Every structure is written in structure tokens, then in C-alpha cells.
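The values are calculated or read from the model by the stated rules, or taken from the named source; none is laboratory data. From a predicted model like this one, the values you see are computed outputs, not experimental measurements. Methodologically, a virtual Cβ is constructed for each residue, glycine included, from the backbone with ideal geometry; neighbour enumeration extends over all protein chains shown.
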Amino acid sequence: MGELYIDGEWTRAVAGGRREVVNPYDASVVQTVDEADATDVDRAVRAARRAFDEGEWANTSTRHRADLLLRVHDLLLRDKEEIARTETLDTGKTLAESRFDVEDVANAFRYFAELAGKDGGRVVDVGPDVLSRVVYQPVGVCALIAPWNYPLLQASWKVAPALAAGNTFVLKPSETTPLTTIAMIRLIEEAGAPPGVANLVLGSGATVGAALTGHPEVDLVSFTGGLATGRTIMAAAAEGPKTVALELGGKNPNIVFEDAHFDAAVDYALDAAFLHAGQVCSAGSRLLVQEALYDRFVDSLAQRARAIRLGNGMEEGTESGPLSSAEHREKVERHIAAAREEGARLVTGGTRPDDPALSSGFFLLPTIFADCDRSMGIVQEEVFGPVVTVERFRTEDEAVELANGTRYGLAGGVWTSDASRAQRVAQRLRHGTVWINDFHPYVPQAEWGGFGRSGVGRELGPTGLREYQEAKHIYQNL
Ligand code: NAD
């Protein structure tokens, strides 16, 4: 029995490829899994095509599909602890974060089950002699490609609506973090998905990902990952053309006005920047602090950042884990070196910890650069690590201009005790999500996605289901 799931069978890669999955906490091998190639991708896409074309799944009632999603919800909660432990071994994030993720994944399945169950299309009033209806039907075979930072969560935001809408899919997790995705597919199998509806291929982006996005039998590609990969995928999909949804990176401003609740703003700024070692697409990696508070805020934040307990995510008391891989840590270190060269003031961090207990893992100290300005690369580029920049502003207009001053537009935070200012600024920010006096929460009922180069399309919310549907107008002359 292998780790690829194709046409209702767990199967090995045809060419026999294998890959080691590494624990970023200590570089130990957690498990070895199949590494697919283009032949396996073709098998999986053909299975999904057959299952879709035969229509058994697409033509079931939405109630039937919703029931399957609800069973997956229940199974996820049944296996929550085991899945959370696997996620922590695979990603290095803390067990508390992983538990939270599994609950959110279960919630996504429940949300899309409920939404699909209520989705009856709509009637358009054309007049007494016409029956005009808009109905929503599945797109077809979906290629779903997920990143390594939230392996299970990001995959579920695609899998749940794709299934709810009646599509079939081939899922490819990141090659570095496939383990909880395997667990989720096992639960979808246990819940009773017919053969060919859900398929899983594992392997590199360059081989498996490219074969998947370029496959002529794929109708839709939904991708979460970096901007450069997103561009490659969009270009590959143009050949179809295929429907494309992209959830890309962010360089998310967190604006602190002088009338903000100081302690709460520092608290949340810390979490916004350093949750999961900053490897979060919506990380608050750009702090904008109003002049009057600036020095006190930077001092306070630095003090708190130095106190973050790095360690093994499996142990209670660990507040932050390592970066995901040796290569990724080197990339973040290159950003840090460049920031120093361009004159950003290093307030704290910037190096690997000197604790020998952490020396075999891919750790970096929480890092703060102050006195930054938006001409700097460190302010413009997504670092995707435990690095936050701080810029100073004077007026509300200046804050908005700075906050909108990168090519990204995923999320932003506003801290103020003035409710009308909060709404005014939120309205003006060119970002897909704006938090006021908070940072990071999202709910499955509300859309998630980016303005500008942070993406194309939306996940979650009613739009997150529509991404997986074609609208059809049925016009009957009575
Ligand atoms: P990545 O772009 O390197 O890889 C993402 C996925 O794409 C992986 O499964 C990878 O194997 C695959 N891939 C790589 N090359 C491919 C190709 N040519 N064709 C098809 N697939 C290919 O991203 P990553 O490093 O895994 O994830 C980090 C990035 O993801 C960050 O930029 C982060 O901001 C972004 N992200 C965005 C969101 C969001 O909701 N907007 C959420 C999480 C992560």
C-alpha cells in the first residue's frame, strides 16, 4: 500500500520514487513517502475525469454531498489529536496551533456542507410567460495545489468546496509537508467518497505540480503558494484555458495609531509577526507606528520578542518553532543580510539562537528591523520568516498611503480607539481582509483572498463555493 490515492486505491508511484519527510525541529526523518511523476499524475487525472464524466458524484443531490462533508467533519474531530501531532512533526509549529488548525479544517467542511445544502440557484423574473433560472453546476476536474505552511488547512479550503459543488479533484500538497493531507484523504475515503472523486499525488512542484497544471483533462486549477509559482501556473493554465484561482503572498501592514490600547497592540503585533515563525501569508510583517508611540512601542515589542520561547512544538510551553527547512532558513537569512546592507536598524534577533538544544533544527531568532522606509526591499518583499519591519508615520493619510504601498494586498490591521477612524481607514485599505483591534482571525463564512498581487479569486464564504461552480442560465418560454 502506497501513499498515492488514485481511483479509490492507495498505490505506489509507478517509477518507485520515494522522498523523506523531515521534522524541522531536529532534521530527523519522520516518514518516507511515495514521490510521484507525470505518469502517476496522468493516472490520477484520468480517474478524476472518469468519475466526473460518469456523473455519479456531480449529479447526486447537494444533500448527499453535504452529508459526506459532515461525516468528514466528525472524523476530523475524532482524530484531532493524532492529526495535530502529525502536523507539528511535519511543520514544526506548536501543538496548540496544530490543534487549532484541525478544528478550523473541520469547521470548513461543516460550513461548505451547510452552504451547499442551501444552494438552490435563483429565479430571474423575466415575466409571466418565461421561467428563467440560474443554476450552479460543478466545473469538472480540479487540480488543487497547497503550500507547506498550513498544509492541512489550505488544502481543506479547496477540497471542501470542490466536493460540495460536485467536482472531482487531484490534490497535491507541498512535497515537504504531505502527511496530514494523506490523513485527510483517508478520512474522505472512510466517509464514503466514490472511487475517482478524491485523488492524491505527492511530489515536487516542478514535476508533479507542472504535470497537473498542464494536463489537458484538468478544468480548474486552485493554487495557494508564492507569487513566482502563481505566475508559472497561470501561464500554464492559459493553454487550456483553465479556470484559475490563486492565493499568493502578502506583506501585511499592521497600523498602530497613537490612541490605540498600547498593551493589546503590542501583544497582537507580536503574535501577528511571529506566529508560526512568521511563516503565515497574512503575517503582520510590516508595522506602521504613529510618531508619538514609536520609540516606546519598538522597545516594548523588542523586549517581548526576546522572551519568546523557541523549541520543540511537541512540548507544552514552546511558543514558537523552527522554520520549515534548511533552504528556507537560508533564504530568510539572505533577506536579513540585505536589510542590514540597505540601512534598516536591527533592534533584536537577526541570527540563529545559540542554544545548543536548538542547533540541529532550522531556528532563527525573532527579528525586528526599525526605522525602515518603503524604498527598502525588506519592506516590499515577502520574507516569510520571523522578521518584522517598523516604519514611522505622522498622519492618517500617510498611514494609509504607506499601508497600500506594496504590490501585495492580502490583509492588514488597524489599532485605534476611534471607531470612525477605524472604519475610514479599513475602507481605504487595498487589502482582502482588514482587522480592527485584532489580527489574524478569519471565519469560514467570510471570503479570504488578496487584492493586487496577493491573488486572483477568493476562498471561503459564498464566493469560495462559487469558484468551483459554473453558472448556467436556463430560459424556458412557457
Ligand atoms: P510555493 O509556491 O513554493 O509552493 C506551493 C505549492 O506549489 C507546492 O505544493 C509546490 O510543490 C507547488 N509548485 C511549485 N512549483 C510548481 C509549478 N511549477 N507548478 C505547479 N505547482 C508548483 O509556495 P510555498 O513555499 O509552499 O508556500 C509559501 C507561499 O505561500 C508564501 O508566499 C505564502 O504567502 C503563500 N501562502 C498564501 C496563502 C493565502 O491564503 N494567500 C496561504 C498560505 C501560503
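List of remarks:
- Scanning the stretch 1-44 for residues that are touching a Leu at 6+ places or on another chain (Cβ under 7 Å) and surrounded by 21 or more Cβ atoms within 10 Å (Cβ to Cβ) turns up Glu3, Leu4, Tyr5, Ala13, Asn23, Pro24, Val33, Asp34, Glu35, Ala36, Asp40, Val41.
- Check on Ile336, farther than 23 Å from Ala265 by Cα and more than 22 Å from the chain's Cα centre (by Cα): yes
- Any hit, the stretch 347-368, residues being buried (at least 23 other Cβ atoms within 10 Å of the Cβ) and closer than 22 Å to Ala264 by Cβ: yes
Residue-by-condition table, conditions (1) surrounded by 15 or more Cβ atoms within 10 Å (Cβ to Cβ); (2) out of contact with any Leu (no Cβ under 7 Å at 6 or more places or on another chain); (3) closer than 29 Å to Arg99 by Cβ:
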{"site": "His261", "(1), (2), (3)": "no, yes, yes"}
{"site": "Ala269", "(1), (2), (3)": "yes, no, yes"}
{"site": "His276", "(1), (2), (3)": "yes, yes, yes"}
{"site": "Gly313", "(1), (2), (3)": "yes, no, yes"}
{"site": "Gly317", "(1), (2), (3)": "no, yes, yes"}
{"site": "Ala344", "(1), (2), (3)": "yes, yes, no"}
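- The helices (runs of 4 or more DSSP H) found wholly in the stretch 181-286 and carrying at least 1 residues that are within 16 Å of the ligand (Cβ to nearest atom) and free of Cβ contacts under 8 Å to residues at least 60 places away in the same chain occupy 210-214, 227-238.
- Candidate set from the stretch 430-450 (those that are in a strand (DSSP E or B) and away from the ligand (no atom under 11 Å from the Cβ)); member that is farthest from Asp267 (Cα to Cα): Val434
- Failed condition for Thr60, given (1) within 16 Å of the ligand (Cβ to nearest atom); (2) over 15 Å from Thr177 (Cβ atoms); (3) touching a Gly at 6+ places or on another chain (Cβ under 9 Å): (1)
- Here Ala471 qualifies as among the small types (Gly, Ala, Ser) and over 16 Å from the mean Cα position of the chain (by Cα).
- First in the stretch 48-67 and within 16 Å of Gly140 (Cα to Cα), second anywhere and β-branched (Val, Ile, Thr) and assigned to a helix (DSSP H, G or I), Cβ under 8 Å, 6 or more apart: none
- Gly432 vs. criteria surrounded by 16 or more Cβ atoms within 10 Å (Cβ to Cβ) and under 15 Å from the mean Cα position of the chain (by Cα): yes
- Candidates Leu163, Leu153: the one that is surrounded by 24 or more Cβ atoms within 10 Å (Cβ to Cβ) and within 18 Å of Leu75 (Cβ to Cβ) is Leu163.
- Failed condition for Pro444, given (1) in contact with a helix residue (DSSP H, G or I) (Cβ under 6 Å, 6 or more places away or on another chain); (2) farther than 27 Å from Phe112 by Cβ: (2)
- Boolean, Ile188 is within 20 Å of Ile233 (Cα to Cα) and among the aliphatic types (A, V, I, L, M): no
- Just one of the listed residues (Asp119, Asp67) is among the acidic types (Asp, Glu), part of a loop (DSSP other than H, G, I, E, B) and not assigned by the TED database to the domain that holds Phe384, and it is Asp119.
- Number of residues in the stretch 414-436 that are touching a residue at least 40 places away in the same chain (Cβ under 8 Å) and either outside the structural domain of Asp267 (by the TED database) or under 18 Å from Glu382 (Cα atoms) (or both): the value is 2.
Let's see how each residue does on (1) within 29 Å of Asn107 (Cβ to Cβ); (2) without any contact (Cβ under 8 Å) to a residue 12 or more places away in the chain; (3) assigned to a helix (DSSP H, G or I); (4) under 22 Å from the mean Cα position of the chain (by Cα):
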site	(1), (2), (3), (4)
His328	yes, no, yes, yes
Asp373	no, no, no, no
Asp397	no, yes, yes, no
Gly405	no, no, no, no
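- In the stretch 160-173, the residue that is farthest from the ligand (Cβ to nearest atom) out of those that are in contact (Cβ under 8 Å) with a residue 40 or more places away in the chain and in a loop (DSSP other than H, G, I, E, B) is Gly166.
- Qualifying residue in the stretch 413-429 (condition: at pLDDT 95 or above, assigned to a loop (DSSP other than H, G, I, E, B) and buried (at least 16 other Cβ atoms within 10 Å of the Cβ)): yes
- Residue check, Thr177 β-branched (Val, Ile, Thr), assigned to a loop (DSSP other than H, G, I, E, B) and within 14 Å of the chain's Cα centre (by Cα): yes
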